[in-house]
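A short reminder: the numbers here are calculations on the coordinates, not readings from a lab. None of these values were measured; they are calculated from a predicted model. Reconstructed Cβ throughout: ideal geometry from the backbone, glycine too, with neighbour counts over all protein chains shown.
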Amino acid sequence: MIAGKLASSILDRGVGPLFLAPSVLLLVVLLLGPFVYMVVISFTDLSYALPDRDGNFLGFDNYRRLVRDDPVFWESFRTTMIFVFGVVSTEFLLGFALALLLFHHIQRRRVILTLLLIPMMIAPVAVGLMWKLMLHGEFGMLTYYLRALGLLDPQTALLGNHQLVLWTVMLVDVWEWTPFVTLVILAGLLSLPREPFEAAVMDGARPWQIFRDMTLPLLRPIIALVMLLRGIDAFKEFDKVFILTGGGPGNTTELLSIYTWRVNFRNWDLGYGATNAFMVYLVVLIFCAVFYKAVYWSRST
Amino acid sequence: MAHKTHFSMGTAGLRFGMAAGGFVLALAIGSPAGAWSLEEAAKPYKGTTLRTIGEALPPLEAMDKLKHKFEERTGIKVIIEMYEHSEAVNKVMLDLNSRRGRYDFILQPHRELGRFVANGHLTPIDRFMSDPKLRDPNFKPEEVLYQSLWKEISWYGGKAYGFPFTALTMYLWYRKDLIEDPKEQAGFKAKYGYDMQVPATWDQYRDLAEWFTRPEQRFYGTAIQGKRHEALWYEWLNFLYSFGGDMMEVSSGSECGPIIVNSPEAVASLDYYKSLIPFSPSDTLNYFWDDVMVAMQQGKIFQMIMWNDATYAVEDPSQSTVSGKMGFDVIPQGKGGKVGQVEGWTYLIPAYAEDKEAAYLFIQWMMGFDQQLEQHQNGGASSRPDVYAHPDVQKITYSKASMDTNAVSIAKPTIPESPEITEILVLQLSNALAGKKTSQQALDDAAVAMGKLLGDCAPLKFPVN
């Protein structure tokens, strides 16, 4: 008995943290360490390309340069915002509508659900290459049909025109990720309790009322989750856009991720590149915090 | 078969055979330093493995096919890693900065030279060339190479760091069959009032581009490499030089000097370049060298400015529908006269390489006439004039255009900042082509950005308000 007590008290006090140690260690090594390192070099002039720039301390010079003196960064910032809000809202609306359609009107969903998974299962690089071929100005299948229908000028190509190109890459992202939203929302719909809905119908509630006052509030955590995941993902988007346009024409489709890559791995300006990366992190953090607050604040009222 | 014979001879016999072979070879050449042989020089390095990296293109594939001859003679193994252009550059950058010495020698575009040298990443090659144990007395680079190309591609700040792997230039590609077609000739003359001919001026070039643009047949007068990619910068340099402009006012690539990238000549060249968009395929602004290449191979394009190491593939009937129908020449002339844009890939030996001596032996061997000839005939671009003079090479349709362009090629910046200058210009050129900025605005912005990057050594000769 005493021995048992002793063991459990040791477990309570001393050994518990030991069990945590491996995962804490992993976190420190893989997440915290690199992050701190990034923050540290963002205050230096470290460059692999230019001599005499071996990581001398600069104070806030890099941040000053970023805020005041780098129009390309801010254009990328704007482009990224348009991209993120555009694709996430479109994917959400379309995905939700599709989920409702499947939920209410289609009995045998299994085949459709499997088909829906396909775009998500293709590697983003492959998605990029596939769409690049379909949208090719001379040989592209989609271009051909758009022209045949009179929707596209023969002298215009979707990926070569600076007014259309951002919308085009957004469209590709919507194609790839709408099914994800559909799947998650559909799972949410299927998990809702049936009784309250039956009761509401008995009480004579109209479908719109049921949707607005019951389905939506009950799905709120699921919606928050799916929007957050998609938002973060869209913010990090790199491969598809890089393959489709390389950020061009000009910097029309240069997302923050591509710009940061360019500073780091084309110019090898690692100090300034770290500043860029830190700003991207900061924006995502603020974005998530605000969103989270918005969702859970209105829930508690 | 050959392997079997070697085995039956045994190791001693093999060695003897090789030494004798080397001796006979030395005698045949009649060299005074007959004692030197590759086999003898390589003896201390037998069994080592050399690793290198370069761009996956015909010249490197040709080297891959040749290397077994070296391996058989020396017992030194050579491993070649092939990547796409940017990837090959990035991998090297990471390796050099980590100082791991994964590569015993590297193949890199010469615009990277400055930043490699300035950071102490390279070994100057004179160390090996003055070592009688390594230096093949019959290899005289100061005589057998195009001196201007060698100095441009493999030298920095007055020191040699290697030898050119390829001397790449760009020149005019056009459809000879169409320019010789009497029906086209008659129609062209009726419209433009002069005889159709291989374009000698940029006005003629544009007339031809306009004449042959037939969007309903999906055939175009030209194709420009307008994607946000270094290909765009390389292509525009042809126009810039030909219109009498340049990026900086300097006499060699390793110097820093006044920025003139927004001169009136430069602006005119960009305006002209832009005026070719209507005569190009609809997504020409998303094309780089691979895309224009495919369009040409598919018979969709009349003329364009293109690289000499790609010429091989457009004349190869197994992958091109227009082989045998092509003509090649120096690019049309403007105010800047007869010019060419040169970019070389160069052999370099990293300071951290483990087997520098063996690497030098391989490079020296590759620079030999026989290897250069074979590589050249398989899509290479040699820096040895005697290779171009060979009757088999003379027969190749694009040899003359290659040689003529080599002779008039212009140096470009190789200072440590030069890759970043490329990035700046690619962005601004792309903005101008997309119609987001005028040529003047775009080049002004580029000049300002270059000024910020380079600092005091590079004042703006054409101030921006």
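Phi angles across the stretch A:215-229 convert, under the Karplus curve 6.51 cos²θ - 1.76 cosθ + 1.60 with θ = phi - 60°, into 3J(HN,Hα) values of 4, 4, x, 5, 8, 3, x, 5, 4, 4, 4, 5, 5, 5, 4 Hz, Gly and Pro given as x. Semi-axes of the equivalent ellipsoid of the stretch B:172-315 are 28, 18, 14 Å, computed as sqrt(5λ) over the eigenvalues of the C-alpha gyration tensor in descending order. Taking each of B:274/B:335; B:335/B:412; B:151/B:300; B:412/B:452; B:67/B:176; B:227/B:412 in turn, the alpha-carbon distance tops 28 angstrom for B:151/B:300; B:67/B:176.
Take each residue of peptide A:246-256, count the partner chain Cβ atoms within 10 Å of its Cβ, and average: the result is 6. Amide H to amide H, with H built 1.01 Å from N, residue B:108 comes under 5 Å of B:346, B:348, counting only residues 5 or more places away or on other chains.
Taking amide H atoms as placed 1.01 Å from N in the peptide plane, the amide H of residue B:326 lies under 5 Å from those of B:176, each 5 or more residues away in sequence or on another chain.
Couplings 3J(HN,Hα) of the stretch B:43-51, computed from phi: 3, x, 10, 3, x, 7, 10, 9, 10 Hz, in residue order, whole Hz [Karplus 6.51 cos²θ - 1.76 cosθ + 1.60, θ = phi - 60°; x for Gly and Pro]. Per-residue ellipticity at 222 nm from helix content only, as computed over the protein assembly as shown with -39500 (n - 2.57) for each DSSP H run of at least four residues, stands at -17500 deg cm²/dmol. 3J(HN,Hα) couplings calculated from phi for the stretch B:306-316 with the Karplus curve 6.51 cos²θ - 1.76 cosθ + 1.60 (θ = phi - 60°) are, in sequence order, 9, 6, 6, 7, 9, 4, 3, 6, 7, 9, 8 Hz; Gly and Pro show x. Averaged over the residues of peptide B:425-432, the number of Cβ atoms from other protein chains lying within 10 Å of each residue's Cβ is 4.
Largest GNM mean-square fluctuation across A:36, A:201, A:290, computed for chain A with C-alpha springs under 10 Å, falls on A:201. For the segment B:296-307, counting C-beta atoms of other chains within 10 Å of every residue's C-beta and taking the mean gives 0. Sorted ascending by nearby beta carbons within 10 Å, beginning with the fewest, B:438, B:422 become B:438, B:422. Would you please classify the overall shape of the stretch A:69-300 from the alpha carbon gyration tensor, given that a ≥ b ≥ c denote the square roots of the eigenvalues, rounded means a/c under 1.5, and beyond that prolate means a/b larger than b/c while oblate covers the rest? Verdict is oblate for the stretch A:69-300. What the Cα atoms of chain B give is an Rg and a Dmax of 23.8, 80 Å.
GNM on chain A, alpha-carbon springs under 10 angstrom: the most fluctuating residue among A:195, A:254, A:91 is A:195. Sorting A:203, B:404 from the fewest to the most surrounding beta carbons within 10 angstrom yields A:203, B:404.
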